[in-house]
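Colleague: I'd like to ask you about the structure that follows.
The values are calculated or read from the model by the stated rules, or taken from the named source; none is laboratory data. Keep in mind that this is a model prediction, so the values were computed, not measured. With ideal geometry, Cβ positions are generated from the backbone for all residues, glycine too; neighbour counts draw on all protein chains shown.
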Amino acid sequence: MYKPTVFIIGAGGMVGATTASALAFKETVSNLVLIDIAEELVEAHATDLNHAAGFNNHNVHVRSGTYEDLHDNDIVIVTCGAPQKPGQTRLDLLSMNVKILRSVVSKIKQQGKMVYLLIVANPVDVLTYVAIKESGLPKERVFGSGTSLDTARLRTTLARVLRVHTRDIEAYVLGEHGDSSFPALSSAKIGGVALADFPGFTAEMTATIDQDIRNAAYKIVAAKTASKYGIGAVVSQLVEALTYNDSSIFTVSSLVEGEYGLSGVAIGLPCLISSQGVRILDHYPLSDTEKQKLNHSADIIKAAINEVTA
Ligand SMILES: NC(=O)c1ccc[n+]([C@@H]2O[C@H](COP(=O)([O-])OP(=O)(O)OC[C@H]3O[C@@H](n4cnc5c(N)ncnc54)[C@H](O)[C@@H]3O)[C@@H](O)[C@H]2O)c1
């Protein structure tokens, strides 16, 4: 198994620092490099995280660094950007965060290394598209966290409502990581049983579940400014998936080129993640209504892409 060096750009912020902390405890990671315009802050985070590793069973080395430290096959996580403010939609953040992303991508490109690039900053689908187009990296190596956090929220909610373990839940949220995302419940399964047939599940629960996960981010941001533990844990799992030869399925944002009848957009879909990178799992069964929702989501992301690439 290959143990990658993981870079976090924006590691001084809430999401970057929490992701660093989640990764420092993963046995699959042995080197973490923290980068931020707040240099002293990331140096302090690195020291603090090294202390946290003092009682770990594995040796992880955390340090602050620069883009010149990049090598082939390193994993670069981009969390830098302005966070969502209360009442602000993710698309409101668009122009500011595209500008920051372009400056980061151009510094990575200058190094000419064959890295994996994982975008987390919002609006994540738009930023992922820009990163794929401007990084010069193969599309399998550039992806966004997409709706993987939303899927984690769906699994947690279903587990609570149906009183089963999250590992027995196979259900995905797809589309834009934003207001038009939707839980694709028509193919959801609990312990191999179709959700609709699962004992205790009623059709009325669908609306509550949908509303619960849709409002989760807004509620967290209103109460504590930023969401960080959920995304930190999810990103650490995406990094782990990149280190294995076997593929794991996550709903990340990837460039569609005909899959699901879509093209010219990066959007959250079930994808296979392994050390080969990311590949969209095509033909995951969707109902007609879910296909319409996916198309609607793609239209919203495309409109935003057009605004920044026009
Ligand atoms: N994809 C998801 O599911 C998800 C979930 C939560 C948050 N987010 C997004 O993550 C991003 C970060 O959120 P946060 O709460 O950590 O914000 P934050 O303000 O706490 O952190 C942002 C960090 O980026 C740094 N930064 C800014 N410009 C930089 C540059 N050019 N180079 C290096 N570092 C730079 C800042 O110094 C700061 O430390 C936001 O866009 C937020 O919306 C995404």
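Colleague: Of the numbered conditions (1) crowded, with 22+ Cβ neighbours inside 10 Å; (2) in contact with a strand residue (DSSP E or B) (Cβ under 9 Å, 6 or more places away or on another chain), Ala217 satisfies every one except a single condition; which is it?
Modeller: So Ala217 meets the others, but not (2).
Colleague: Six or more apart or on different chains, Cβ under 6 Å: which pairs go from a residue in segment 131-156 that's more than 16 Å from Val105 (Cα to Cα) to one that's part of a helix (DSSP H, G or I) and among the hydroxyl-bearing types (Ser, Thr, Tyr)? Could you list them?
Modeller: From residues that are more than 16 Å from Val105 (Cα to Cα), the pairs are Arg155/Thr166.
Colleague: Given Leu137, Leu117, which one is under 22 Å from Val33 (Cβ atoms) and within 13 Å of the chain's Cα centre (by Cα)?
Modeller: Answer to the check: Leu117.
Colleague: Let me ask something else. May I ask you to list pairs of residues, at least six apart or on different chains, whose Cβ atoms are under 6 Å apart, with the first in segment 105-123 being farther than 19 Å from Glu240 by Cα and the second being of a type in the set (D, E, K, R)?
Modeller: Partner pairs satisfying both residue conditions: Val105/Glu134; Lys113/Asp72; Asn122/Arg90; Pro123/Arg90.
Colleague: Here's something else I'd like to know. Any chance segment 33-45 includes a residue that's under 21 Å from Val120 (Cα atoms) and away from the ligand (no atom under 15 Å from the Cβ)?
Modeller: No: zero hits.
Colleague: Restricting attention to segment 221-231, and to residues there that are over 17 Å from Pro183 (Cβ atoms), within 9 Å of the ligand (Cβ to nearest atom) and in a helix (DSSP H, G or I), which single residue is modelled with the highest pLDDT?
Modeller: Only one residue fits best here, namely Ile231.
Colleague: Out of the residues in segment 20-32 that are of a type outside the set (A, V, I, L, M, F, W, C) and within 19 Å of Val120 (Cβ to Cβ), state the one that is nearest to the ligand (Cβ to nearest atom).
Modeller: Ser21
Colleague: A further question on this structure: Scanning segment 232-259 for residues that are surrounded by 16 or more Cβ atoms within 10 Å (Cβ to Cβ) and more than 24 Å from Arg167 (Cα to Cα), which turns out nearest to the ligand (Cβ to nearest atom)?
Modeller: Ser254
Colleague: Looking only at residues that are assigned to a strand (DSSP E or B) and out of contact with any Asp or Glu (no Cβ under 6 Å at 6 or more places or on another chain) in segment 260-269, which one is surrounded by the fewest Cβ atoms within 10 Å (Cβ to Cβ)?
Modeller: Gly264
Each row is one residue, and each column tells you yes or no for (1) away from the ligand (no atom under 14 Å from the Cβ); (2) modelled with pLDDT under 95; (3) assigned to a helix (DSSP H, G or I).
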{"residue": "Glu140", "(1), (2), (3)": "yes, no, yes"}
{"residue": "Thr156", "(1), (2), (3)": "yes, yes, yes"}
{"residue": "Ala159", "(1), (2), (3)": "yes, yes, yes"}
{"residue": "Val164", "(1), (2), (3)": "yes, no, no"}
{"residue": "Asp179", "(1), (2), (3)": "no, yes, no"}
{"residue": "Ala184", "(1), (2), (3)": "yes, no, no"}
{"residue": "Ala188", "(1), (2), (3)": "yes, no, no"}
